[in-house]
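Encoded as structure tokens, the structure appears first; notes follow it.
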Amino acid sequence: MTQKTSDKGRRNFLKSFGVTVGAAGVVSSFSLLGAAKAAAQEPEEMVNLLTADGQLVQVDKNQLRPTVNEPLNELQRRGREGIAGKSFVMVIDLSKCRNARKCMAACQNHHQLRPEQHHINVLQMQDSDHTAPYFMPKPCQHCDNPPCTKVCPVDATFKRQDGIVLIDNERCIGCRFCIAACPYSARIFQWTEPKDAEKYKDLTYNIEANVPQKKGTVSKCLFSADRLREDKLPSCVSACPNGVYYFGDRNEDAVTNGTSGETVRFSKLIEDNAGYTLMEELGTKPRVYYLPPKNRAFEFNGDLLNEENLH
Amino acid sequence: MKNLSTILATLVLVFAFMNSASAEDWKVSATAKKKLNPYELSKKNISSGKKVYQTNCKSCHGDPTKANMLPLVPAPTDLGSQNFLVQSDGEIYHKIKTGKGAMPTFENTLNDESKWMVIAYLRSFDKNKKKAVVAKAVVNPEVIDVKIELNVDADNKKLRAQLTGLKKDGKRVGLEGIEMSFLVKRTFGQLDISGEEAYTNANGELLIQFPTDLPGDREGQVDLLVKLTDEDNYGPVEEKRVLSIAVPTNPKNPLDERAMWGTRANAPIWIIASYVLGVIGIWSVIFLVLFQVFQLSKMRVKS
């Protein structure tokens with residue numbers, strides 16, 4: 001424990017040292033750019049600063065600015081708030097899913113998950129004995145009435161203004177009430193040291209990607225909230241080779257297909273294809289819509305004989 | 001050495017011949033041949049067939065009639081050539097569906113509609129059947145400085161675009177029969193609102209009804225981009241505009257409401273009230289009991 005604390009202290013020191021040196025570099029380059037200006041005005045007082053490449057330079061004291069706040073706090077703050085004016089929805093076209101599992105691989109890569117850990121999982125479904133089997137990708141449903149956030153005793157999991165349900169691994173105490181409350185089994189628990197824990201230990205925690213993952217806490221699908229901030233589609237949506245996923249903003253009534261890039265009206269897509277949500281009888285109001293697996297252009301090639309595969 | 005190269009050349013020739021022989025040997029059953037394209041040769045079908053062709057066929061077959069296919073052995077057929085198009089719709093359909101040798105099968109990758117659209121597109125190069133194309137081919141004069149002029153009727157939500165070009169004699173003329181795309185910017189892509197038959201008329205004009213229920217921002221503004229769908233003829237020509245004709249939308253913030261799923265700060269008043277009342281109630285009972293016990297002990301002292 002003591003070793004860990006001292007290690008952290010050194011890391012913090014290195015971090016702040018890096019920030020200071022970096023800031024010194026930035027300030028010095030600014031001062032070089034504004035050299036003409038500085039020459040024109042008589043500087044009040046000069047201070048000595050070390051640049052990033054090891055040069056000692058003098059800078060006008062008036063041009064010094066305080067360093068930025070700790071980036072972690074900023075990430076946490078905006079991660080809690082969400083993106084104003086947006087209301088994200090996903091549409092999954094089951095008639096196109098042929099179990100390529102590229103969505104799962106892209107997701108696990110983005111969120112530093114092991115192959116057996118799923119923020120999104122492609123399930124083999126057969127609704128009853130004589131119905132046709134199909135593949136169903138299942139991410140978190142980002143419910144508008146989420147049962148999981150109701151049971152969290154420490155406000156670690158929450159819903160943002162853009163509709164995304166996130167979890168703060170810095171706050172999570174690992175009680176797993178949310179896992180028990182979720183009817184879609186969308187959450188996972190990090191029982192062991194996460195994948196590449198050693199490699200990413202110095203990375204600043206990003207609440208919008210749940211990276212680096214933390215042992216003893218819960219992790220879940222985030223609709224790639226960090227990518228949405230840059231107007232990029234979620235990892236799973238862009239990785240799909242078969243045009244299964246549509247993603248967009250319900251306020252704009254438009255969703256974009258991750259494979260073809262085609263943008264269509266959300267309401268029309270749902271109306272024309274009889275879109276539905278999973279387990280709507282529970283009153284969870286999911287944000288993930290499904291289009292039924294009709295007119296499939298391929299044969300189901302799953303392994304239904306193995307009962308473990310069936311859901 | 002010379003012998004070796006001769007042998008090699010002979011072998012290559014033999015293989016080439018065998019391959020070409022086998023290509024001609026592509027048997028299609030009589031019933032499959034009789035199938036007819038259920039989709040008409042309308043401009044819309046041809047244009048959607050062109051899109052399918054460009055993503056699925058062009059990489060090997062090149063552009064129809066241009067003979068710019070990949071140099072493979074056997075060479076991929078020029079699908080716009082009249083030799084190829086003498087085949088019936090059913091024959092081409094069967095070949096797309098099954099594939100042979102280097103030609104992959106598209107049975108599982110393209111749905112029926114897409115396959116027939118591609119056939120419709122290829123038929124538009126067929127000299128014998130070209131007449132069947134609903135709209136007649138238009139020959140526009142050779143022009144330079146092509147531009148789009150956009151007029152907006154905000155009350156009726158109508159957009160009128162005029163496509164004109166400068167003729168050699170300096171006269172500006174409208175270009176007929178050109179497909180245009182009207183794209184509205186959304187977060188992750190461009191929403192096409194052009195509708196099905198977005199072709200300019202004889203004056204180069206095109207009238208588009210803007211969707212009456214499309215949400216814009218708080219002021220009802222949207223970013224509109226008008227451009228030529230096919231850049232082959234006149235290159236990229238486009239016109240950008242911010243319009244205030246969409247439905248003004250005030251995004252609802254779900255966090256403004258108090259709800260059960262909210263964090264502590266957003267908990268419903270009744271939960272906070274009942275919790276506080278419950279705590280006060282329980283503690284008052286405990287204090288009451290303690291108080292009564294205290295009173296009892298006091299009474300004993302008096303007696």
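For region A:231-264, enumerate the residues that are open to solvent by 30 Å² or more (accessible area, probe 1.4 Å) and either assigned to a loop (DSSP other than H, G, I, E, B) or touching a helix residue (DSSP H, G or I) at 6+ places or on another chain (Cβ under 9 Å) (or both).
Scanning region A:231-264 gives A:231, A:232, A:238, A:239, A:241, A:242, A:250, A:252, A:259, A:260, A:261, A:262.
Any residue that is loosely packed, with under 15 Cβ neighbours inside 10 Å, under 30 Å from residue A:167 (Cα atoms) and touching an Asp or Glu at 6+ places or on another chain (Cβ under 8 Å) - is there at least one of those in region B:272-292?
No, there is no match, as no residue in region B:272-292 is loosely packed, with under 15 Cβ neighbours inside 10 Å, under 30 Å from residue A:167 (Cα atoms) and touching an Asp or Glu at 6+ places or on another chain (Cβ under 8 Å).
Checking the condition within 14 Å of chain A (Cβ to nearest Cβ), out of contact with any Phe, Trp or Tyr (no Cβ under 9 Å at 6 or more places or on another chain) and of a type in the set (Val, Ile, Thr), which residue from B:55, B:109 passes?
On the way: B:109 fails: out of contact with any Phe, Trp or Tyr (no Cβ under 9 Å at 6 or more places or on another chain).
None of the others qualify; the one that does is B:55.
Out of the residues in region B:197-217 that are within 14 Å of chain A (Cβ to nearest Cβ) and touching a Lys or Arg at 6+ places or on another chain (Cβ under 7 Å), state the one that is nearest to residue B:230 (Cα to Cα).
B:210
Please verify whether residue A:201 is open to solvent by 50 Å² or more (accessible area, probe 1.4 Å), away from chain B (no Cβ under 14 Å) and without any contact (Cβ under 8 Å) to a residue 60 or more places away in the chain, treating the condition exactly as stated.
Numbers: open to solvent by 50 Å² or more (accessible area, probe 1.4 Å): yes; away from chain B (no Cβ under 14 Å): yes; without any contact (Cβ under 8 Å) to a residue 60 or more places away in the chain: yes.
Here the answer is yes, as residue A:201 does meet what is asked.
What are the residues in region A:236-263 that are at the interface with another protein chain (Cβ under 7 Å from one of its Cβ atoms) and of a type in the set (A, V, I, L, M), if any?
Hit for region A:236-263 is A:254, nothing else.
Select the strands (runs of 3 or more DSSP E) contained entirely in region B:142-253, then report the ones holding at least 2 residues which are more than 29 Å from residue A:257 (Cβ to Cβ).
B:143-153, B:158-167, B:172-174
Just wondering, is there one or more residues in region A:126-144 that are over 21 Å from residue A:259 (Cβ atoms), touching a His at 6+ places or on another chain (Cβ under 7 Å) and among the aliphatic types (A, V, I, L, M)?
no
Within region B:254-270, can you find the residues that are within 9 Å of chain A (Cβ to nearest Cβ), assigned to a loop (DSSP other than H, G, I, E, B) and surrounded by 14 or more Cβ atoms within 10 Å (Cβ to Cβ)?
If the condition is that a residue be within 9 Å of chain A (Cβ to nearest Cβ), assigned to a loop (DSSP other than H, G, I, E, B) and surrounded by 14 or more Cβ atoms within 10 Å (Cβ to Cβ), then B:259, B:261, B:262, B:263 are the ones that fit.
What are the residues in region A:277-303 that are farther than 16 Å from residue A:97 by Cα and of a type outside the set (Val, Ile, Thr), if any? Give the steps one after another, and end with the answer.
Taking region A:277-303 and keeping what is farther than 16 Å from residue A:97 by Cα, we get A:277-287.
Selection gives A:278, A:279, A:280, A:281, A:282, A:283, A:285, A:286, A:287.
Please go through region A:82-135 and pick out each residue that is of a type in the set (D, E, K, R) and open to solvent by less than 60 Å² (accessible area, probe 1.4 Å).
A:86, A:93
The values are calculated or read from the model by the stated rules, or taken from the named source; none is laboratory data. Predicted model, so just to flag it, every value in this text is computed and none were measured. Cβ atoms come from the backbone with ideal geometry, glycine included; neighbour counts cover every protein chain shown. Protein only, heavy atoms only, side chains kept; ligands, DNA and RNA dropped before computing areas. Shrake-Rupley method; radii C 1.70, N 1.55, O 1.52, S 1.80 Å.
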